[in-house]
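Step one of this worksheet: look at the structure below.
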Amino acid sequence: MRVPLSWLKEFVEIPLPVPELAERLTLAGLEVADIERIGLPDAALPWDRERIRVGEILEIRPHPNADRLVLATVEYGGGRPKTVVTGAPNLIVGDKGHKVAFALEGARHWDGYSAGRDITTLKGRKVRGVPSDGMVLSEKELGLSDDHTGVLVLDPQAPVGMPLAEYMGDVVLDLEITPNMARCLSILGVAREVAALTGGRVHIPPAQMRADGETVEGRVAVAIADPALCARYAATLIAGVTIGPSPEWMRRRLRLAGIRPINNVVDVTNYVMLEWGQPLHAFDYDVLARRARGVPRITVRPARAGEMLTTLDGATRPLSPERLLITDTAGPIAIAGVMGGAETEVTEGTTAILLEAANFHFISIRKTAQALKLPSEASARFGRGVPPSAAVPAAMRATELMRELAGGTIARGVADCYPAPQVSSVVTLTTEAVRRILGMDLPRAEVQRILTALEFLCEPQGETGLRVTAPDHRLDIGTGVVGAADLIEEVVRIHGYDRIPVTDMADRLPPQRDAAAVDPEERVRDLLAIAGLQEILTYRLTTPEREAALVPGNGQVSPRPYVTLANPISADRVVMRQTLLAGLLEVMAQNLRLRERLRFFEIGPVFLPGSGNELPAEPRRLAIGMAGRITPASWRDPDPCRTDYFDLKGVVETFLQGLHLRAVGFDPATHPTFAPGRTARLLVDDEPVGVLGEVHPQVRAAFDLPAAPICLAEFDLDALLARVPLTYRVAAVPRFPPALQDIALVVDEEVPAAELTGTIRAAGGSLLVEARLFDVYRGQQLPRGKKSLAFSLVFQAVDRTLTDAEVEAEKRRIVEAAAQRLGAELRA
Amino acid sequence: MTDIPRELTSLEAAAQAALEAAADATALEQVRVRYLGRKGSLAAVLRSVADLDPAERPAVGKLANEAKQRLETALALRREALEAAARAAALAAERADVTLPGRPIPMGRLHPSTQILRRICQIWADMGFQIYRSRDVETEAMNFELLNIPAHHPARDMWDTFYTTVDGVLLRTHTSPGQIRAMREYCPEPIRVILPGMCYRYEQITARSEIQFHQVEGLAVGRHVTMTELKGTLVSFAHRMFGAGRRVRFRASHFPFTEPSAEMDVKCILCGGTGCFLCKQTGWLEILGCGMVHPAVLQNGGYDPAVFSGFAFGMGPERITMLRHGIEDIRYFWANDLRFLEQF
């Protein structure tokens, strides 16, 4: 809401400098987003008080050497009138008496001919042989609008010689109006706030009209089909108007408020809407009478099937029954609160006006404005709520203004259909209730003072209570405990949030709850960061196609359902992801263009739809992605080798160890996203919890990744964390030295290392504390199809130093078990 | 008269010269063997002392032993000198250009959003607020109706919403549905929770707006929770988050689920309040929205609003990170460019 200060001042005194006023309003919930100054000091271009003044055109003569130019003699209140050359099409030879904005040499103004906004300084010069050392300014040159088609013509009352800044300099407050402050979508509403905040009084312009005509009854009838959709329909009638431009002061205020001036009648409807917050609509009465072939009978009702209306914008719109219409006996004449019909529109030839001031239900208007995509100043106000009480005063104010500006005779009375008058909220508020919510004492007198300043009616009730009646313009006040909260907000808002003391929480601490679901997840993040991985967070919205690219070759989007957006904003964010891998591969592809080593992880939910209307499951997943060199290249090692499956597995093993997960296994597995033979399932307590491996070359290509190993893992984090032990045992540090033995066992190529290791561990018994695989050998010294696996064995007893004989016996048992189970032979 | 003394003198001189001439440990050892070894020259001279007249023996023997001691001392000195030289040479050979770069340690890092979420949650944890998580995909009732935002109400305009193809199911536009879930789970116990989570808005992705972003919501419910406490708690938070001396102000505002509602600003961390691009010349930075829980919301959570009261607040961690680090483009957060992530 753009509020010109000059306008606001007609309604309330403003005893504060503008910045202070702006701060008070902002702190009280009417946020001043911007302060725009026009012509005043601090404006983008202040109007020079000496050099830009109100002038009067004394004479307009032809230019001796140019057809399109004229010579205008201007009185500006400073010595002899000046004669200047101008090409303005609205200064015509022979005219005189126009009041204009006149600039003298040296004045700074906006360049009227520049495409953008450039400041220039006025210099005297000869134009086609005639000297010109002044200028009659256009709106553009003053910075009022982009209009440079003619000079600005002021109202006849403008005092000649007055600095223009004094005459029409202004300040516009641009206010952000929250939904509860809809009443401030009007100058009057803002004035009420200012009055309450400064202790001032609101001067409401008299809602009177000089009605000399016959009574309005008999000229028009109004009816409402459903009072739930239209609480009130009021109309006035003025005949004998002359359509023409509004006076400059009104056009200026409309422009400052952001509305384009049109003609005196339409401008008045907009002007009073801005003033009162009540949207108005002017119909051409003669058209209505012609359609009715007599007295127009206006009915507000929902549209009937098949009805159409050609609206002001020229569009012919089919109307569904959700649309509320203004109709006459011949059919629709306007879409209620949203847009008028073209046929009944006010035109240059209109002479009689039926002025509508109605009250429509906000939801109906919102739905219609959204459905028809016709947002307007009127629907914005109706859609946020307008008090029915405003209709008649606004109608009378507007009708009177029309009479003043367009002439004519007003019919007596208002045709007013108001079946169920507005009921004011009544709330009982006690100082105890105020203290209970605010935590501070506010005396009843102070509560009463504030509410009274906001025009609430307060009657003391009991020792500490007030019976508070909301004024008609407050639609936002509820009843009961909600109403009390509404009033407490009003009280503290005006009292000042800065005056609320600061205290610590006094209530007892709530029962503390187990954070088991939260803490281990953070532990995983820490462990992976310690392992050198960078955490990423990606969009949780993706496309089925991107996830389908994780399955090579088929090009088919998985038939399983997604959580799908009904209103996506872009084609690449349409469903909720079901895996972290697609997003991770995209991030890897991007970063690989700049880096030769990537180590990423992401933790976050995926979204698996339930059946029917059930909400989706949102299990947490962990994804890891690694690629490129195993360490950053440096001068010590300019060419480190490439990451492969075993680097990934090392990271996985390390973080599983950090979580104290012991029963961990890696089984060879197949998975469409991964390269066969370089893929494993992760098992914890024999339960599969995810997959890790090298990405399938076709998937790599689908994600624009280079032809080098990309290591990827995705785990079900919920399943993993469910197995994290609450606590774990720590063993004593041995007091006796360990015995170390290395053995190499030759087995068939097919025997998995994990199986041999398991056999060794099982056979080793309690004295074997470690069996670490440290070498894998294949080659000439071995028969084909055989490999040698070398282990470093550590034997340890807690109570003694082991003898050579004991160690030898242990080792022999291990070798025998390996031979028996897996056909292993001890390598010489 | 024996000529052993003269022999000794010349032997000693020759040995001294040989010691001096020995250039390394091997040469020195050869010299030792030749002169001082069991079969060496000096040993031979000493043996010949035994053949002397007994009267001459003590004096000559003394001379010989003295010569031997002198040579052994000289040998030790020479050995030490050679070792010192060898050490020096070895060190010189190992000399490094200490200005060469160190071996890079690839460091892992948490995403900046995780970092700020942890910081925020930590501060609230210290004040007794425990983490409560709730879902991203929500019902319209949880996200709106139960939070006192009826369908078609003008307040709905405050949230541009992603709806799903399932009727009544949407992507949460704020973490506030967690308020209802926490209340319904914990009622009638008092509550102090902090609700971090991802939220979604139907917005064009630009430098200033994103379709997803984190929010951290806080909720306290009890029999004596007041607005002075809301202010006290949030001022404590602001002082820990932005520095102990940071000035804070509260402005009246509007959220359908709180009443009275407020927004908290802190003095601009860049200009200190004089006005700059960051604070859009206002001197203040908007940090969070807050208020006393609306009676209708308490009721929907199961608490009697005549007996219980509560406060709630919500903030955007990415926005706080942007303000703290002068980041001007919110898209960096989900772009995951290492050139951005590695700066945290």
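The values are calculated or read from the model by the stated rules, or taken from the named source; none is laboratory data. Since the structure is predicted, the reported quantities are computational estimates derived from the model, not experimental observations. Note that we place each Cβ from the backbone using ideal geometry, even for glycine, and neighbour counts take in every protein chain shown.
If a residue must be touching a residue at least 24 places away in the same chain (Cβ under 8 Å) and not in a helix (DSSP H, G or I), how many such residues does the stretch A:257-271 contain?
3
Residue check: is residue A:525 out of contact with any Pro (no Cβ under 6 Å at 6 or more places or on another chain), at pLDDT 95 or above and assigned to a strand (DSSP E or B)?
Judged against the criteria, residue A:525 is not a match.
Consider residue A:435 against the criteria (1) within 39 Å of the chain's Cα centre (by Cα); (2) not in a helix (DSSP H, G or I): it satisfies all of them except one. Which criterion is unmet?
Condition (2) is where residue A:435 drops out.
Just for strands (runs of 3 or more DSSP E) wholly inside the stretch B:176-281: which have at least 1 residues that are of a type in the set (Lys, Arg) and in the same structural domain as residue B:143 (by TED's automatic domain parsing)?
The qualifying strands (runs of 3 or more DSSP E) are B:191-200, B:248-255, B:258-267.
Which one of these is away from every other protein chain (no Cβ under 14 Å) and touching a residue at least 40 places away in the same chain (Cβ under 8 Å): A:229, A:254, A:274?
On inspection, the qualifying residue turns out to be A:274.
Every residue, every condition in (1) farther than 30 Å from residue A:274 by Cα; (2) buried (at least 19 other Cβ atoms within 10 Å of the Cβ); (3) of a type in the set (S, T, N, Q); (4) within 31 Å of the chain's Cα centre (by Cα), yes or no:
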site	(1), (2), (3), (4)
A:34	no, no, no, yes
A:38	no, yes, no, yes
A:54	no, yes, no, no
A:64	yes, no, no, no
A:68	yes, no, no, no
A:74	yes, yes, no, no
A:88	yes, yes, no, no
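Of all residues in the stretch B:103-122, how many are assigned to a helix (DSSP H, G or I) and either more than 9 Å from chain A (Cβ to nearest Cβ) or not β-branched (Val, Ile, Thr) (or both)? Outline the logic, then answer.
Taking the stretch B:103-122 as the starting set, the residues that turn out to be assigned to a helix (DSSP H, G or I) are B:112-122.
Adding the requirement that they be either more than 9 Å from chain A (Cβ to nearest Cβ) or not β-branched (Val, Ile, Thr) (or both) leaves B:112-113, B:115-122.
Number of matching residues: 10.
Any residue at all in the stretch B:79-102 that's more than 9 Å from chain A (Cβ to nearest Cβ) and either touching a helix residue (DSSP H, G or I) at 6+ places or on another chain (Cβ under 7 Å) or crowded, with 17+ Cβ neighbours inside 10 Å (or both)?
yes
On the given criteria, is residue B:33 among the β-branched types (Val, Ile, Thr), modelled with pLDDT of 90 or more and out of contact with any Pro (no Cβ under 6 Å at 6 or more places or on another chain)?
Values: among the β-branched types (Val, Ile, Thr): yes; modelled with pLDDT of 90 or more: yes; out of contact with any Pro (no Cβ under 6 Å at 6 or more places or on another chain): yes.
When the stated conditions are applied, residue B:33 passes them.
Any idea how many residues of the stretch A:779-828 are farther than 15 Å from residue A:746 by Cβ and part of a loop (DSSP other than H, G, I, E, B)?
Of the residues in that region, 8 qualify.
Condition test on residue A:679, is it of a type in the set (S, T, N, Q) and in a loop (DSSP other than H, G, I, E, B)?
For residue A:679, the condition - of a type in the set (S, T, N, Q) and in a loop (DSSP other than H, G, I, E, B) - is not met.
Given (1) within 11 Å of chain A (Cβ to nearest Cβ); (2) among the small types (Gly, Ala, Ser); (3) under 24 Å from residue A:587 (Cβ atoms), where does residue B:309 come up short, assuming only one miss?
It is condition (3) that residue B:309 fails.
Is it fair to say residue A:629 is surrounded by 15 or more Cβ atoms within 10 Å (Cβ to Cβ) and closer than 19 Å to residue A:699 by Cβ?
no
Out of (1) closer than 30 Å to residue B:228 by Cβ; (2) touching a Ser or Thr at 6+ places or on another chain (Cβ under 6 Å), the odd one out for residue A:506 is which?
Single failed check for residue A:506: (2).
Quick check on the stretch B:103-121: of everything there that is out of contact with any helix residue (DSSP H, G or I) (no Cβ under 9 Å at 6 or more places or on another chain) and surrounded by 11 or more Cβ atoms within 10 Å (Cβ to Cβ), which residue is nearest to residue B:318 (Cα to Cα)?
Checking each candidate, the answer is B:121.
Of all residues in the stretch A:737-761, which are in a helix (DSSP H, G or I), β-branched (Val, Ile, Thr) and over 13 Å from residue A:790 (Cα atoms)?
Residue satisfying the conditions is A:759 alone.
Can you tell me which residues in the stretch A:635-694 are touching a residue at least 60 places away in the same chain (Cβ under 8 Å) and within 30 Å of residue B:96 (Cα to Cα)?
A:642
Residues that are more than 24 Å from residue A:67 (Cβ to Cβ) and touching a residue at least 40 places away in the same chain (Cβ under 8 Å): find the strands (runs of 3 or more DSSP E) completely inside the stretch A:127-189 holding 3 or more of those.
Details: elements: A:130-132, A:134-136, A:170-176.
Filter on the stretch A:127-189 gives A:170-176.
Quick check, is residue A:586 more than 10 Å from every other protein chain (Cβ to nearest Cβ), surrounded by fewer than 22 Cβ atoms within 10 Å (Cβ to Cβ) and either within 28 Å of the chain's Cα centre (by Cα) or not in a loop (DSSP other than H, G, I, E, B) (or both)?
no
Looking at the structure I just gave you, is residue B:161 more than 7 Å from every other protein chain (Cβ to nearest Cβ), surrounded by fewer than 18 Cβ atoms within 10 Å (Cβ to Cβ), assigned to a loop (DSSP other than H, G, I, E, B) and touching a Leu at 6+ places or on another chain (Cβ under 7 Å)?
Considered against the rule, which asks whether it is more than 7 Å from every other protein chain (Cβ to nearest Cβ), surrounded by fewer than 18 Cβ atoms within 10 Å (Cβ to Cβ), assigned to a loop (DSSP other than H, G, I, E, B) and touching a Leu at 6+ places or on another chain (Cβ under 7 Å), residue B:161 comes out as yes.
Please work out which one of (1) assigned to a helix (DSSP H, G or I); (2) surrounded by 18 or more Cβ atoms within 10 Å (Cβ to Cβ); (3) within 11 Å of chain A (Cβ to nearest Cβ) is the condition residue B:170 fails and give its number.
Answer for residue B:170: the failing condition is (1).
Taking the stretch B:189-208, which residues are farther than 21 Å from residue B:115 by Cα and within 11 Å of chain A (Cβ to nearest Cβ)?
B:189, B:190, B:191, B:192, B:201, B:202, B:203, B:204, B:205
Filter the strands (runs of 3 or more DSSP E) completely within the stretch A:50-126 down to those with at least 2 residues that are of a type in the set (A, V, I, L, M, F, W, C) and modelled with pLDDT of 85 or more.
A:52-63, A:66-75, A:82-86, A:99-104
Restricting attention to the stretch B:146-158, which residues are modelled with pLDDT of 95 or more and facing another protein chain (nearest Cβ under 7 Å)?
Matches in the stretch B:146-158: none.
Have a look at A:207, A:196 and point out the one that is in contact with a helix residue (DSSP H, G or I) (Cβ under 8 Å, 6 or more places away or on another chain) and part of a loop (DSSP other than H, G, I, E, B).
Testing whether each residue is in contact with a helix residue (DSSP H, G or I) (Cβ under 8 Å, 6 or more places away or on another chain) and part of a loop (DSSP other than H, G, I, E, B) leaves just A:207.
Tell me, which residue of the stretch A:558-583 that is in a loop (DSSP other than H, G, I, E, B) and among the small types (Gly, Ala, Ser) is nearest to the other protein chains (Cβ to nearest Cβ)?
My answer is A:566.
Of all residues being within 7 Å of another protein chain (Cβ to nearest Cβ) and under 28 Å from the mean Cα position of the chain (by Cα) in the stretch A:490-513, which is farthest from residue A:435 (Cα to Cα)? Just the residue, please.
Ranking the candidates gives A:498 first.
Filter the stretch A:347-366 down to residues that are of a type in the set (A, V, I, L, M) and surrounded by fewer than 24 Cβ atoms within 10 Å (Cβ to Cβ), then give me how many there are.
2
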